[in-house]
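One structure below.
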Amino acid sequence: MDSVTRKLYHVCRGNRALPDALLPRNGWKIDRIDIGARTRNRGRLAGGAGGLIDIASMKFPRDMEALSDILAARDVGWVAALWPGQLEDVSIRSIVRGRCMGYITLPTTPDELGHAVGHARGMALLTEPVIHDPRTIVDGEMIGSCETMLHLFRMIRKVAICNAPVLIQGESGTGKELTALSIHRHSARRYAPFVAINCGAMPEHLVMSELFGYERGAFTGASERKAGRIEAANGGTVFLDEIADLPMKSQAGLLRFLQEQRIERLGCAQSIPVDVRIVCATHVDLKQATSERRFREDLYHRLNVLQIDEPPLRARGADIELLARHLLDKLREDSGRRIRGFSDDAVRALRAHDWPGNVRELRNRVWRAVVMFDSSTITASDLGLSHCIDARTSSLDQVRRDAERRAIERALLRHRGKVADAARELDISRVTLYRLLESYEVDIARFLRGMRTDVPLTVADAYQSRIQRRGSCDSAGDQRGVTGIFQGSCTS
Ligand SMILES: Nc1ncnc2c1ncn2[C@@H]1O[C@H](COP(=O)(O)OP(=O)(O)O)[C@@H](O)[C@H]1O
Ligand SMILES: [Mg+2]
């Protein structure tokens, strides 16, 4: 075992309390970190190493900040070496308790040190890896490995290569904005601006001036000329979030812009050509909004050329855990606390919860847990999800029925309400699936309404062929891309 070389970081300052003679030798390669040197930071520390913090050699509070920074390194098993009296200091106690696998009070021996850091390094190696599925894709901030997410990543790349408007639909917190950003980053426009506008957050009277800009004197208070957000994105992408909240008057202005690719600043009769791609998102059913006359139908058809549905978190299967670990990893780096991962009951709760707030809710729960947790692993109660694992006295039959119902609902979600596909996945006939849906009173209309939006192809076709005339997109007759969640037909 001693023939294996293990890395040992020795963090100290000047007058070391742990001279070389005290450090463990056999099998350890020692890398010294001078806490006073600014060049060293946690980003350079390799995981899977042992670490000795020579607290006895440091001065507090002067060294506290630099030490916290170094100790935030993931997968290093830290052991503190200090004088007994130093544990009286509250900040030192907190750093030892929160960040170290153990501590040694001086004086000590090489054997004792070797044993402690060997144990700490072993524990650090047990930290769960975030990504174990080789299919996992990390796209900017987005991560996913389930079939639904892989499909989404493929769609992003497909739509990125043309210029037609994209409509992203999905529940709140599913990652619509990240998807829009990813489309921009995969497109030829990536070096130009990505300008995000939340149509719901702007007061109605400001929307037009924000979008299109104004000339000096256009209205009271317009003391100088200002370019609008669309103009500011020239060459790039404009992301219109919560498009359903766009006031009617601005809908007319946006429609004009989409038809002419020109804008008119308020108070200026002259129009200016602007080259931007429009990507918009909504969590409401835009089609229904048109039938209720809350959204212009002509604008809806203009925007709904390429469509992406963002899958809800509950339809992403094992990705829920993957995302939870990914978010924990990011958040624990900021918190600087030593967290080993999720307890078994936390994992069960993550699987059982329905996630109405989607990834945003998951992020908030993990964040809260990182702040609130008391032991070394995050429990269901730290996530505020203990109710999901409460031991209920259910009959075996009830447990079976619950599991069956859940499997059916998730298959329907995965296949965006398509009963035939869901039945195939579940290996039952369509008739049986319908019977089960009836017996469980599953509201299939909810899936069909929420997950499938039928693009009126005649309009989409007309628009496609217009684009084709401009040479940006593929033939309208070629409907290769028209499937489940993505409707459009772009090729490279
Ligand atoms: N696939 C994903 N991987 C990692 N983080 C994600 C993913 N999807 C969403 N998030 C995170 O969830 C939160 C909500 O995402 P956002 O794009 O604002 O959702 P929406 O626009 O649909 O409401 C953000 O903090 C975002 O970083
Ligand atoms: Mg959003």
Can you find a residue in the range 209-217 that is of a type in the set (D, E, K, R), closer than 20 Å to V279 by Cβ and in the same structural domain as C280 (by TED's automatic domain parsing)? yes
Taking the range 193-222 and keeping residues buried (at least 19 other Cβ atoms within 10 Å of the Cβ) and assigned to a strand (DSSP E or B) leaves F194, V195, I197, G213, Y214
Exactly one of Q270, Q307 is out of contact with any helix residue (DSSP H, G or I) (no Cβ under 8 Å at 6 or more places or on another chain) and within 16 Å of ligand 1 (Cβ to nearest atom), and that one is Q307
Subject >> Flag if S489 is outside the structural domain of G170 (by TED's automatic domain parsing), among the hydroxyl-bearing types (S, T, Y) and either modelled with pLDDT of 75 or more or in contact with a strand residue (DSSP E or B) (Cβ under 7 Å, 6 or more places away or on another chain) (or both) >> reply: no
Residue hits (the range 253-288; among the polar types (S, T, N, Q) and away from ligand 2 (no atom under 16 Å from the Cβ)) are Q259, Q261, Q270, S271, Q288
Residue in the range 234-254 that is acidic (D, E) and either over 21 Å from N304 (Cα atoms) or away from ligand 1 (no atom under 16 Å from the Cβ) (or both) present: no
When every residue in the range 251-271 that is assigned to a strand (DSSP E or B) and either not hydroxyl-bearing (S, T, Y) or not assigned by TED's automatic domain parsing to the domain that holds M208 (or both) is compared, the one nearest to A222 (Cα to Cα) is L266
Per the list (1) free of Cβ contacts under 8 Å to residues at least 60 places away in the same chain; (2) closer than 17 Å to I278 by Cβ; (3) outside any helix (DSSP H, G or I), residue check on I230 breaks on (3)
The condition from (1) exposed (fewer than 15 other Cβ atoms within 10 Å of the Cβ); (2) part of a loop (DSSP other than H, G, I, E, B) that H387 misses is numbered (2)
From the option list K249, K176, single residue qualifying as of a type in the set (K, R), within 26 Å of E292 (Cβ to Cβ) and touching a residue at least 60 places away in the same chain (Cβ under 8 Å) is K176
Of R190, R225, the only residue that is over 23 Å from E297 (Cβ atoms), surrounded by fewer than 16 Cβ atoms within 10 Å (Cβ to Cβ) and either modelled with pLDDT of 95 or more or in contact with a His (Cβ under 8 Å, 6 or more places away or on another chain) (or both) is R190
Considering the range 166-182, residues that are assigned to a helix (DSSP H, G or I) and not basic (K, R), and then whichever is farthest from ligand 2 (Cβ to nearest atom), we arrive at S182
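Residue-wise test of (1) in contact with a Leu (Cβ under 7 Å, 6 or more places away or on another chain); (2) under 26 Å from A120 (Cα atoms); (3) not assigned by TED's automatic domain parsing to the domain that holds K287.
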{"position": "V347", "(1), (2), (3)": "no, yes, yes"}
{"position": "G357", "(1), (2), (3)": "no, no, yes"}
{"position": "L362", "(1), (2), (3)": "yes, no, yes"}
{"position": "D382", "(1), (2), (3)": "no, yes, yes"}
Picked from the range 307-356 (must be of a type in the set (V, I, T) and either modelled with pLDDT of 90 or more or within 16 Å of ligand 2 (Cβ to nearest atom) (or both)), the residue nearest to the chain's Cα centre (by Cα) is I320
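The values are calculated or read from the model by the stated rules, or taken from the named source; none is laboratory data. Values in this document were obtained by computation on a predicted structure and should not be read as measured data. All Cβ positions, even for glycine, are placed from backbone atoms using ideal geometry, and neighbour counts span all protein chains on display.
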